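What follows is a set of notes on a single structure, which appears directly below.
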Amino acid sequence: MASNKRLLVLPGDGIGPEVMGEVRRVIDWMDRRRSVSFDVAEDLVGGAAIEARGTPITEATVARAMDADAVLFGAVGGPQWDKLGFDMRPELAILTLRRELGLFANLRPAIVFDALVSASTLKPEVVQGLDLMIVRESTGGIYFGEPRGIETMPDGSRRGVNTEVYATHEIERVARVAFELARKRQSRVCSVEKANVMESGLLWRQTVTALQARAYPDVALSHMYADNCAMQLVRNPRQFDVIVTTNLFGDLLSDLASMLTGSLGMLPSATLGGAEAEGRRALYEPIHGSAPDIAGQGVANPLAQMLSFAMLLRYSFGLEADAALIERACADVLGAGLRTPDVMAPGCTRVGTTAMGDAVLRRLDELAA
Ligand code: NAD
Ligand code: IPM
Ligand code: MN
């Protein structure tokens, strides 16, 4: 029996608890069938924590996350909390975890499953075989820069301020993650910013260029402005291997990339901090939100959350075979024609969240037999 691994599970709001429920079943399955046992603790974050405790995330929850071997996060937010201030919004839960745990590298893989080639709104020949990794900086940039706020001017008008700011070390550490990943893939990194209009973008480009020359001469580096990158992702996404970019651009480009794979409900992510040698902290979450428009209907696609759990097994625990098994089960279930509504196609069988989970568990049983 492998040693116990301590997981903190934070389902959050909306479809978060719905998709997390299916992953809990996979965790139980692994306990029974793969002899990988987890100590699973669960806690409230986001709107759920606001309702129960008056804050989107308590210090105790942050401490539990620091103490866990890995954190599995669902999604937070919803229209009922949209009028709260930024010090109170549900989204502060994920932003606080990224900042407090130092999770600066958000890995967002966009992989097109063969069965879903026709689920993309792009032509099959454009997306088939796509395997792209977006490395999004996630503790800096305009999300955290100072000054920020809304101020009232002497004439009574108001002004909203946010600041895009990047220091050399923040750029270097996330670029290193991208270069290291590229070495295990096609050894190509495209660095994305707007060095044509932003000083922070210019420093980003200079820093990544110098780092590549100094430490990664074997990796091919190109640069692209973020607006062009958005266009190129739709025109010819397979030109990219690894994209490294800022917090805000990475947020936008990864939602865009999710539609290449068929649905936002398909894209997992891993957010890593520190160096591997220091016992790397990590949080795993789908890139989608709480999807208030479909929450409570039992129709959310649980695969992004499942695939996030597979990334957890791979990156936090080195359980490559178990990660691959879960990915294979997800791919096979889609291959068998089962589809949640977001990826539904003619001739396929429409299922809800739980039936999708049932099918993944059945397939896991078959694969492990
Ligand atoms: P969203 O990602 O929640 O939803 C966008 C669209 O994609 C919706 O039509 C939704 O139904 C669909 N969708 C998303 N996930 C799906 C899934 N698994 N299966 C099927 N369809 C899915 O984005 P939004 O509507 O802009 O935001 C809703 C709330 O979620 C907001 O409060 C936002 O701040 C929050 N949010 C949270 C996170 C997070 O917790 N990490 C991420 C993004 C957005
Ligand atoms: C994401 C989300 C978050 C972000 C929000 C909820 C703070 O959109 O993880 O992509 O903007 O980073
Ligand atoms: Mn986002």
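The values are calculated or read from the model by the stated rules, or taken from the named source; none is laboratory data. This structure is a prediction, so every number in the text was calculated from the model and none was measured. We place every Cβ from the backbone using ideal geometry, glycine too, and count neighbours over all the protein chains shown. Remember, those area values only see protein heavy atoms, side chains included, never the ligands or the DNA or RNA. Shrake-Rupley method; radii C 1.70, N 1.55, O 1.52, S 1.80 Å.
List the trypsin sites (Lys or Arg not before Pro) within region 183-224 that fall in a DSSP loop (any state other than H, G, I, E or B) and whose Cβ has at most 16 other Cβ atoms within 10 Å. It would help to have the intermediate numbers written out before the result.
Numbers: sites: ARG183, LYS184, ARG185, ARG188, LYS194, ARG205, ARG214; in loops: LYS184, ARG185, LYS194.
Listed in order of number, the matching sites are LYS184, ARG185.
How far apart, in nm, are two points set 7 Å out from the Cα along the Cα-to-Cβ line at GLU125 and at ASN196?
2.9 nm
Normalise the Cα radius of gyration of region 1-93 by 2.2 N^0.38 Å (N = residues in it) and let me know the number.
Working: Rg = 14.5 Å, N = 93, 2.2 N^0.38 = 12.3 Å.
The reported ratio for this selection is 1.18.
Taking θ = phi - 60°, what integer Hz values does the Karplus form 6.51 cos²θ - 1.76 cosθ + 1.60 yield along region 53-61, in sequence order, with x for Gly and Pro?
Along region 53-61, the couplings run 10, x, 8, x, 7, 8, 4, 5, 5 Hz.
Around CYS190, which amide H atoms from residues at least 5 apart in sequence, or from another chain, sit under 5 Å from its own amide H, with H modelled in the peptide plane?
Long-range HN contacts for CYS190: SER222, ASP241, VAL242, ILE243, VAL244.
Express the relative contact order of the chain as a whole percentage, based on alpha carbon pairs under 8 Å and six or more residues apart in sequence. Numbers along the way, then the final one.
Details: 766 pairs, mean separation 75.4, N = 369.
Relative contact order of the chain: 20 percent.
With every protein chain left in place, what is the accessible area of TRP29 in Å² (1.4 Å probe, nearest 10)?
10 Å²
Once R0 is set to 35 Å, what does the formula 1/(1 + (r/R0)^6) return for the Cβ-Cβ distance between ALA213 and GLU146, expressed as a FRET efficiency to the nearest 0.05? Could the numbers behind the result be given before it?
Details: r = 32 Å, r/R0 = 0.91.
It comes out at approximately 0.65.
Would the chain count as rounded, prolate or oblate if I go by the C-alpha gyration tensor, calling it rounded below 1.5 in a/c and otherwise prolate when a/b exceeds b/c, oblate otherwise? Please list the in-between numbers first.
Details: a/c = 1.43, a/b = 1.20, b/c = 1.19.
Rounded, since a/c falls under 1.5.
Mind listing which trypsin sites (Lys or Arg not before Pro) in region 1-98 are in a DSSP loop and have 13 or fewer other Cβ atoms within 10 Å?
Values: sites: LYS5, ARG6, ARG24, ARG25, ARG32, ARG33, ARG34, ARG53, ARG64, LYS83, ARG98; in loops: ARG34, LYS83.
Passing sites in region 1-98 are LYS83.
Label region 112-262 by shape, choosing from rounded, prolate and oblate, from the square roots a ≥ b ≥ c of the eigenvalues of the Cα gyration tensor; if a/c is under 1.5 it is rounded, and otherwise prolate applies when a/b is larger than b/c, oblate when it is not.
On the way: a/c = 2.65, a/b = 1.38, b/c = 1.92.
Oblate is the answer for region 112-262, as a/c is 1.5 or above yet b/c matches or exceeds a/b.
Measuring from label point to label point, each 7 Å out along Cα→Cβ, what is the ALA321 to ALA369 span in nm?
2.0 nm
Output wanted: per-residue J couplings in Hz (rounded whole) for region 348-357, from phi through Karplus 6.51 cos²θ - 1.76 cosθ + 1.60, θ = phi - 60°, x for Gly and Pro.
9, 9, 7, 10, x, 4, 5, 5, 5, x
Could you go through region 145-161 in sequence order and give the Karplus-derived ³J(HN,Hα) for each residue, using 6.51 cos²θ - 1.76 cosθ + 1.60 with θ = phi - 60°, rounded to whole Hz, and x for Gly and Pro?
With the stated coefficients, region 145-161 comes to x, 10, x, 8, x, 10, 10, 9, 7, x, 7, x, 6, 10, 9, x, 10 Hz.
Keeping all protein chains in position, work out how much accessible area TYR315 exposes to a 1.4 Å probe, and write it in Å² to the nearest 10.
Estimated to the nearest 10 Å², TYR315 gives 80 Å².
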